[in-house]
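Below you'll find the structure I mean.
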Amino acid sequence: MPNRILERLLSLMIYVITMTVLLMSVYHFLENWHLSDFNFFIGGALVLLVAVGWGYILTAIIFAPKKQMEDILTSLTNNIIHELNIPLSTIQANTAMLKKGIEDDKTLKRLGHIEDASLRLEKLYHELVYSIRKEMHTIEKEQFTLKSLIEERVGIFEEQQRNTFLLDIASYEIEVDKLGFEQMIDNLLTNAMKYSSKESEISIVLKGDTLTISDKGVGMSSTELLQVYERYYQADEHKVGEGIGLSLVKSYCDAENIEIQIHSEKNVGTDICLHLLKVKK
């Protein structure tokens with residue numbers, strides 16, 4: 001988006017400078033030759049024709065190829081997204097069917113790994129769709145209740161029967177890009193689960209205007225905290241993941257004016273605080 005604005009400003013600047021020079025030249029020429037009003041009118045009409053022609057040329061040279069390329073990329077992206085969704089749905093459906101008819105623990109464990117991988121792939125798929133739509137269109141902000149959204153997202157994670165979630169959230173209305181907020185919460189909960197043991201609890205507490213997600217996992221050192229927002233960085237290289245979660249979270253928070261703070265201690269746990277005052281309704 002910033003590149004598009006810069007290109008348009010540059011084109012506008014070139015056009016204005018060119019037309020200004022041309023108008024000054026014509027005016028100077030007509031004034032020196034003391035021509036009649038009719039000749040002034042003819043000169044003005046010629047300037048207008050040149051202005052329209054030059055504007056059309058600028059548009060054709062700068063914007064038309066870019067628009068054509070954007071249309072091609074949009075069509076290609078939509079096709080890829082559609083094609084990705086089909087095999088993903090097939091994997092998930094067949095894995096669920098196979099698990100119903102198998103009792104061997106070893107085979108069930110392997111199917112579980114496939115299922116987990118498909119869930120990670122599905123998460124990436126939704127993030128890809130969201131990122132593309134956000135680039136192509138302005139996403140409208142929505143007003144909704146924080147508690148209901150958190151309960152909905154937690155309910156999905158509880159289906160994995162892994163960690164226990166403790167919620168303490170009062171009624172609280174916010175207005176943000178809802179889909180982006182859901183993905184941010186999903187990223188934070190995924191990290192909390194990934195870096196915690198299955199027996200530990202994950203708490204989500206709203207106190208005042210601050211939403212805090214806490215885990216009792218491996219935690220991070222002060223050095224790791226300095227790098228945590230870097231794209232592809234992972235505190236624990238042995239954990240499976242893409243390493244882009246907190247980078248996306250930070251980008252979203254910056255865009256929505258949500259202040260994020262991370263407090264963590266090695267082998268104690270991590271608290272992630274989201275200050276929602278600026279998005280409160």
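Taking only pairs that are 8 or more places apart or on different chains, how many Lys pairs in segment 142-279 have Cα atoms under 17 angstrom apart?
14
For a quick protection proxy, order the peptides 92-103, 171-182 by their average other-Cβ count within 10 Å, most packed first.
Order by mean packing, descending: 171-182, 92-103.
From Cα pairs below 8 angstrom and at least 6 apart in sequence, can you work out the relative contact order of segment 142-279, rounded to a whole percent?
Relative contact order comes out at 25 percent.
Quick one: net charge of V205's neighbours, Cβ under 11 Å, K/R +1, D/E -1?
-1
By how many nm would the segment from K100 to K207 grow when fully extended, if each residue of separation counts as 0.36 nm and the alpha-carbon distance is taken off?
Length gained between K100 and K207: 34.2 nm.
Which order, highest average first, do 201-211, 111-121 follow once you tally other Cβ atoms within 10 Å for each residue and take the mean per peptide?
Top of the packing list down: 201-211, 111-121.
No value in this document is a laboratory result; all are computed from the given coordinates. Predicted model, so just to flag it, every value in this text is computed and none were measured. Here the Cβ is made from the backbone with ideal geometry for all residues, glycine too, and neighbour counts use every protein chain on show.
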